[in-house]
Amino acid sequence: MLILRTWQLGIKSLLLHPMRSALTVLGIFIGVASVIWLLAIGEGISKEAQRQIEDLGAENIIVRSIKPPDESGANFRSIQAFGLTRAEHKLLSTTIKTVESVLPIRELPTKFAYTGNPNAKPIDGRLVGCTPEYAEVTRLEVARGHFLTDREIISKGGVCVIAANLASKLFPSEDPLNKLMYLPEKKEFYKIVGVLKHRNATAAIGGSLASQDFSLDVYIPITTMQARVGDTEVKRTGGSFSVKEFELSQCTIRVGDVDDVPRTAKLVEATLRKDDPDRQDIAVVVPFELLEQAKATRLMFMMFMGLIAAISLIVGGIGIMNIMLATVTERTREIGIRRALGGKRSDITRQFLVETISLSVVGGLTGILGGLLCPVTVEAARWLIREGAPAMYANLPEVAKVMSPEIVPISIPVAFIISVFVGVIFGLYPAMRAAQMDPIEALRHE
Amino acid sequence: MSSIPTVKSNDQTAETNGQNVLAARVRELQKHYVLKSETVRALRGVSFDVPEGDYVAIMGASGSGKSTLLNLLGCLDRPTSGSFVLGGDDVATMTDDELSQIRASRIGFVFQSYNLIAQLTVVENIEVPLYYMGQLNAESRKRCKQLAAMVGLGDRLDHRPTQLSGGQQQRVAIARSLVNDPYFMLADEATGNLDSVTTDEILALFQMLNDQGRTIIMVTHEDEVSEHAKRMIRLKDGEIQIDKRIENRKTFPPEVIKKISMGTD
Ligand SMILES: Nc1ncnc2c1ncn2[C@@H]1O[C@H](COP(=O)(O)OP(=O)(O)O)[C@@H](O)[C@H]1O
Ligand SMILES: [Mg+2]
């Protein structure tokens, strides 16, 4: 009854100055909402980063071939072969015990056309020489037909599997299965044995792994690639040549047990850099280690976000204190009356604390509501930008396009408790100042 | 907290113990204010008794010590020396919290500037001392309404102070001062802000309450006001200069008294 009355009274006093109280609440609202928002966005970003890394497979080690920068404008050339070799591929798959298998991959940008439609412009795409395991490791799913088979690898078959997007571009009105795909630059034909389902692009990870867009890929057996395409690429651009020679673009090393990954990665490095420790034409990417790093970064990130949010809560708290100090001065007379009528110092303290806590709790609760709106709001903002300003949207960083904020559940009670805490901490000084007033002086106050 | 405060009934004790029950007993009360350059001796040994049912006007020139004495009687301050016994307890030695307790339960304040709390309604203002005594309940609410009715504001229970005239506000303050059934009512220039008609209304109310047995101590500098009291104490330089019964006391006729509770205006 009495407690009820105290709260009732506090709220009545606050409603005496609705605008002032609302502004004070706003300070806490922003503080609490920003705690939840920042943590949700931080969580969304780091989850996205983790998802991208996990996309590569935590149990995989990826070795990429890197084309060294052209030295001395080598117009005339001694062709320098670079990158992983088939011999190294063999070495990796046979000498390291923890390695389950090694997938050889060779990628080549080229043009594709359909023989049945000679007038259509050839489409730029990517020719990928690989093995059957590639589909599993890269999570490719077959829509129709089949992916490359072991028999096709052995027989160096002239077959290919094509990505969904490329299929629909080359064959707008026909069934691509069993049609012949033509590569104008290589003057080669491949029979289409499978069409894949759509697969989302992967993001770039670190410096050495570019993002991959699978939508215009054509997969052929790696053996076929070696036999028919060879290792040397000659590109004519304008008047000049560029020649590059490499055997493999990538080896994806599958390790049986995730725990063996770091050790295996060291062995892989040692094997490949045996002759030249400073070898620049390969890069070893270990998603597992990146993942561990990302988790550590996430913690720092969260702490940083939390710090920013905490600062905004403190600013809100100072707002409360400021208002309460003004209120206490303004209500000196009332304090005097209450003391004269029998209010103890503690009654006065409690009365003002109740008011600050009311403010901060209302700010906290509305702040939580505002915080919960974060995912919806981010989604809506993204939609608005995409529809309203596509150019601006295109320039957004990749993570801003795909990230979806994820409310961190603990942030809700934490934000609420902190807001109450802020109310108490910043309300305590004004309340005690009120209580310490001499009742006689206070009564005389105009 | 469920039962209504069984406050000591002054009338009852008066009947059982005879005439000489004291509402307050003041002995050699001194109050010194120690300032940097000097010590102001605002009260220099004041002694008097206030029997229950008395109606005292404290008078004196400005600076004579009236406010200081009133603050002590109201337990808002502690004397430098001397004793002030209120209902058997010497207030001079009490802690701040104990003084607050005493103010809530034994003293009724009426101020010159009414001093109602702006955000509360008439009934809620009357309830404040009970709130600090921890004795708010449905029955006490009823009592507050009765008190409001007694001072003629039964139809304005839910009004805010700003919606009332000065005289009406002072009536609320008087009702509030009675809600804890105090040992005495302490009125500090209670009519100082009011015109002569309203002053008469308030004085009539005081007379009615005093006739019912209520002890009243009021500070005033107006002779017309003090003439309504039964006794006058005049202070001079912190000492009692005169302490006498008022002869030819002015009283209001019964029909005026009757009108009080009929509602104002
Ligand atoms: N808080 C105080 N500090 C110092 N001196 C005071 C204080 N209160 C009152 N006095 C002094 O005490 C004397 C009595 O004052 P007061 O009781 O207010 O007289 P009155 O109410 O009769 O005008 C005056 O000289 C006044 O200056
Ligand atoms: Mg004075």
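The values are calculated or read from the model by the stated rules, or taken from the named source; none is laboratory data. Keep in mind that what you see is a predicted model, and the values were worked out from it rather than measured. Reconstructed Cβ throughout: ideal geometry from the backbone, glycine too, with neighbour counts over all protein chains shown. For accessibility, only protein heavy atoms count, side chains too; no ligands or nucleic acids. Shrake-Rupley method; radii C 1.70, N 1.55, O 1.52, S 1.80 Å.
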**Complete:** B:Phe184 passes all but one of the listed conditions (1) under 17 Å from B:Asn210 (Cα atoms); (2) within 11 Å of chain A (Cβ to nearest Cβ); (3) of a type in the set (Phe, Trp, Tyr); the exception is number (2)
**Asked** Are any residues in region B:42-65 within 16 Å of ligand 2 (Cβ to nearest atom), open to solvent by 80 Å² or more (accessible area, probe 1.4 Å) and touching a strand residue (DSSP E or B) at 6+ places or on another chain (Cβ under 7 Å), and if so, which ones?
**Response** none
**Item:** Residue list for region B:66-90, filter: more than 14 Å from every other protein chain (Cβ to nearest Cβ) and either within 16 Å of ligand 2 (Cβ to nearest atom) or open to solvent by less than 20 Å² (accessible area, probe 1.4 Å) (or both)
**Value:** B:Phe84
**Request:** Assess whether B:Gly238 counts as being within 16 Å of ligand 2 (Cβ to nearest atom) and either open to solvent by 20 Å² or more (accessible area, probe 1.4 Å) or away from chain A (no Cβ under 14 Å) (or both).
**Result:** yes
**Message:** Within region B:19-34, does at least one residue satisfy the condition of being within 16 Å of ligand 2 (Cβ to nearest atom) and buried (at least 17 other Cβ atoms within 10 Å of the Cβ)?
**Reply:** yes
**Request:** For A:Glu136, work out the one condition from (1) modelled with pLDDT under 90; (2) more than 27 Å from A:Cys251 (Cα to Cα); (3) surrounded by fewer than 18 Cβ atoms within 10 Å (Cβ to Cβ) it doesn't fulfil.
**Result:** (2)
**Asked** Looking at A:Glu292, is it within 14 Å of another protein chain (Cβ to nearest Cβ) and open to solvent by 70 Å² or more (accessible area, probe 1.4 Å)?
**Response** no
**Message:** So for region A:332-339 (the condition being crowded, with 21+ Cβ neighbours inside 10 Å and away from every other protein chain (no Cβ under 14 Å)), does at least one residue qualify?
**Reply:** no
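Within region B:196-216, identify whether any single residue is among the charged types (D, E, K, R), open to solvent by 10 Å² or more (accessible area, probe 1.4 Å), on the phi > 0 side of the Ramachandran plot and touching a strand residue (DSSP E or B) at 6+ places or on another chain (Cβ under 7 Å), and answer yes or no. It would help to see each step written out before you state the result.
Within region B:196-216, the first condition is being among the charged types (D, E, K, R), and the residues that meet it are B:200-201, B:211, B:214.
Among the residues that remain, those that are also open to solvent by 10 Å² or more (accessible area, probe 1.4 Å) are: B:200-201, B:211, B:214.
If we keep only those that are on the phi > 0 side of the Ramachandran plot as well, we get none.
No: region B:196-216 contains no residue that is among the charged types (D, E, K, R), open to solvent by 10 Å² or more (accessible area, probe 1.4 Å), on the phi > 0 side of the Ramachandran plot and touching a strand residue (DSSP E or B) at 6+ places or on another chain (Cβ under 7 Å).
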**Request:** Would you be able to say whether some residue in region A:401-410 is outside any helix (DSSP H, G or I), open to solvent by less than 50 Å² (accessible area, probe 1.4 Å) and among the β-branched types (Val, Ile, Thr)?
**Result:** yes
**Request:** Kindly establish whether B:Tyr131 is away from ligand 2 (no atom under 16 Å from the Cβ) and free of Cβ contacts under 8 Å to residues at least 12 places away in the same chain.
**Result:** yes
**Request:** Considering each of A:Thr329, A:Thr356 in turn, give the residue that is open to solvent by less than 10 Å² (accessible area, probe 1.4 Å), more than 14 Å from every other protein chain (Cβ to nearest Cβ) and among the polar types (S, T, N, Q).
**Result:** A:Thr356
**Item:** Candidates B:Val172, B:Val179, filtered to the one that is touching a helix residue (DSSP H, G or I) at 6+ places or on another chain (Cβ under 7 Å) and under 20 Å from B:Gly53 (Cβ atoms)
**Value:** B:Val179
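Pull up region A:177-192, narrow it to residues that are surrounded by 22 or more Cβ atoms within 10 Å (Cβ to Cβ) and in contact with a helix residue (DSSP H, G or I) (Cβ under 9 Å, 6 or more places away or on another chain), then point me to the one that is farthest from A:Pro132 (Cα to Cα).
Applying the first criterion (surrounded by 22 or more Cβ atoms within 10 Å (Cβ to Cβ)) to region A:177-192 yields A:181, A:183, A:190, A:192.
Pick out the ones that are also in contact with a helix residue (DSSP H, G or I) (Cβ under 9 Å, 6 or more places away or on another chain) and you get A:181, A:190, A:192.
Working: A:Met181: 20, A:Tyr190: 17, A:Ile192: 15 Å.
Looking at residues that are surrounded by 22 or more Cβ atoms within 10 Å (Cβ to Cβ) and in contact with a helix residue (DSSP H, G or I) (Cβ under 9 Å, 6 or more places away or on another chain), I get A:Met181.
So that you can scan it fast, the table gives a plain yes or no per residue for (1) of a type in the set (Ser, Thr, Tyr); (2) open to solvent by 40 Å² or more (accessible area, probe 1.4 Å); (3) not in a helix (DSSP H, G or I):
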{"position": "A:Ser13", "(1), (2), (3)": "yes, no, no"}
{"position": "A:Arg20", "(1), (2), (3)": "no, yes, no"}
{"position": "A:Ile28", "(1), (2), (3)": "no, no, no"}
{"position": "A:Gly42", "(1), (2), (3)": "no, no, no"}
{"position": "A:Gln50", "(1), (2), (3)": "no, no, no"}
{"position": "A:Thr110", "(1), (2), (3)": "yes, no, yes"}
